[in-house]
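The values are calculated or read from the model by the stated rules, or taken from the named source; none is laboratory data. Please read all numbers here as calculations on a predicted model, not as lab measurements. Every residue, glycine among them, receives a Cβ derived from its backbone with ideal geometry; neighbour counts consider all protein chains shown. SASA here: full protein model, heavy atoms, side chains in, ligands and nucleic acids out. Shrake-Rupley method; radii C 1.70, N 1.55, O 1.52, S 1.80 Å.
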Amino acid sequence: MANITIELIRKRSEHNEGEIGTLEEISLHQEDITKIENLQNWCKDLKILLLQSNLIFKIENLNKLKKLEYLNLALNCIEKIENLDRCESLNKLDLTMNFIGKLDSIGSLKYNTHLRTLYLTGNPCTDYDGYREYVIGTLPQIDVLDGIDVTSFDKLVAKQQLSNVARKIIAQQKTYENFRIEQKKTSKSINITEETLETYEKNYEETDEDFWNQPSENTPECRVEMAFHSRRAQRKQDEEKKTPKQETWTPKLFAEDGRPYNLNQAKVPYKLENEDNRYVLTVHVYKFMDTSELDLDVQPTYVRVTVRKKILQLALDEEVRVDESNAKRLIGSKLLEITMPKVKQIICPVKTQSAKDNDFRNENKSKLTDEVFDSQKPVEFWNITNLSTSVKIVENEKLKDFVDNSEVPPLE
């Protein structure tokens, strides 16, 4: 468990540039502190002291904090109010969710004349009959009790009934004290105090799972056990984070004969294009992923892309030039393009063109041009009848070579 050390105070006083002599406010919550110490000697100017959610058993060592205005001791293991009478400036005291059963101990706050707000919610004493009247009658200076305003009428009634209510409170308090004695004897939790807390962890053998599966009691001892198990579980998680995780499965990249396998451990979309003289691999990586998380390895017979320690490997049918390969990634794009020239370049023959081919091509081109040009001419509807003459002229030109053979029967 933790103690209040100068290193802890400096750590929590960053807002004051680490200076503890002039510190006016400090929060030491959830530090598993078991004892209040050193603060009154190191931080005499404290006005706000927050010690909630710890394992403090006793209010002590605060007498020299003359400027202390707000003290928060909620969620601790305190059973009695004491040693606050010299905190002259104390204005607000929060003791929510402790184990205060000795209600007459609030009499030690009579001399705290500036005390205006008091919280005792969640303590066993709040279940006593006449609890509110007793507190208001004993501490007439307070204006707020457990978040509820105390009116002048409440103070007047409490003062009148104080003597009768006090007898009831003493009787109920005695009953609770006897209950606590029996509870300590029959409690399933080990009896833990601030003295035995250090040896408790060394001798403890119960597992966390067994503890959380069994019912718990609302006692200071059980609260310490819960804090102990929570801290031990947190320590295990921190150790697991520090220990590097071992991969349960290692991908097999090559066959026994050295042939590379195809593997897409990263599960990213890709496209491999086999062109005449090169391979082009396009990989869809994450758009906003930093380039430092990418690794590329091009070999003569395979290409490997590592995306966040996960491998994409593809075997190549033909060898590629490693030194001439390149990769590029467009800014703002999720595409990674890898170009790999092949070792064996394919040389395509150049087709020579003859003069006849050129004349034939030019002739066809002129014909095609004339046909296109004629098709784009506007139709002159008023001169449509003249078209028949042109057709006849064409037909007459075709009949010049016609030979009338009497042996050929006429068409029917």
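Values computed for the structure shown
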read-out: Residues of region 12-58 classified as within 28 Å of the chain's Cα centre (by Cα), assigned to a helix (DSSP H, G or I) and at pLDDT 90 or above, total; value: 0
read-out: Unique residue being surrounded by fewer than 19 Cβ atoms within 10 Å (Cβ to Cβ) and either polar (S, T, N, Q) or touching a Gly at 6+ places or on another chain (Cβ under 6 Å) (or both) when the list is 155, 159, 184; value: 159
read-out: Scope region 272-307; condition among the hydroxyl-bearing types (Ser, Thr, Tyr) and more than 31 Å from the chain's Cα centre (by Cα); matching residues; value: 279, 282, 301, 302
read-out: Residues being under 26 Å from the mean Cα position of the chain (by Cα) and outside any loop (DSSP other than H, G, I, E, B) - total across region 229-271; value: 14
read-out: Residue that is surrounded by the fewest Cβ atoms within 10 Å (Cβ to Cβ) [pool: residues in region 308-328 that are under 29 Å from the mean Cα position of the chain (by Cα) and at negative phi]; value: 310
read-out: Only listed residue being open to solvent by 50 Å² or more (accessible area, probe 1.4 Å), more than 18 Å from residue 116 (Cα to Cα) and either assigned to a loop (DSSP other than H, G, I, E, B) or among the aromatic types (Phe, Trp, Tyr) (or both), chosen from 76, 61; value: 61
read-out: Tally, over region 299-336, of residues that are under 11 Å from residue 268 (Cβ atoms) and assigned to a loop (DSSP other than H, G, I, E, B); value: 2
read-out: Residue match in region 103-126 (condition: among the small types (Gly, Ala, Ser), part of a loop (DSSP other than H, G, I, E, B) and open to solvent by 10 Å² or more (accessible area, probe 1.4 Å)); value: yes
read-out: Test result for residue 292, under 17 Å from residue 309 (Cα atoms), assigned to a helix (DSSP H, G or I) and either open to solvent by 40 Å² or more (accessible area, probe 1.4 Å) or of a type outside the set (S, T, N, Q) (or both); value: yes
read-out: Every residue from region 127-136 that is within 46 Å of the chain's Cα centre (by Cα) and open to solvent by 50 Å² or more (accessible area, probe 1.4 Å); value: 127, 132
read-out: Matching residues in region 74-122 - criterion: being in contact with an Asp or Glu (Cβ under 8 Å, 6 or more places away or on another chain) and under 19 Å from residue 222 (Cβ atoms); value: 74, 98, 99, 100, 101
read-out: In region 197-226, residue most open to solvent (accessible area, probe 1.4 Å) [restricted to those that are at pLDDT below 70 and within 17 Å of residue 54 (Cβ to Cβ)]; value: 198
read-out: Qualifying positions in region 87-102 - closer than 18 Å to residue 147 by Cβ, assigned to a loop (DSSP other than H, G, I, E, B) and open to solvent by 20 Å² or more (accessible area, probe 1.4 Å); value: 91, 96, 97
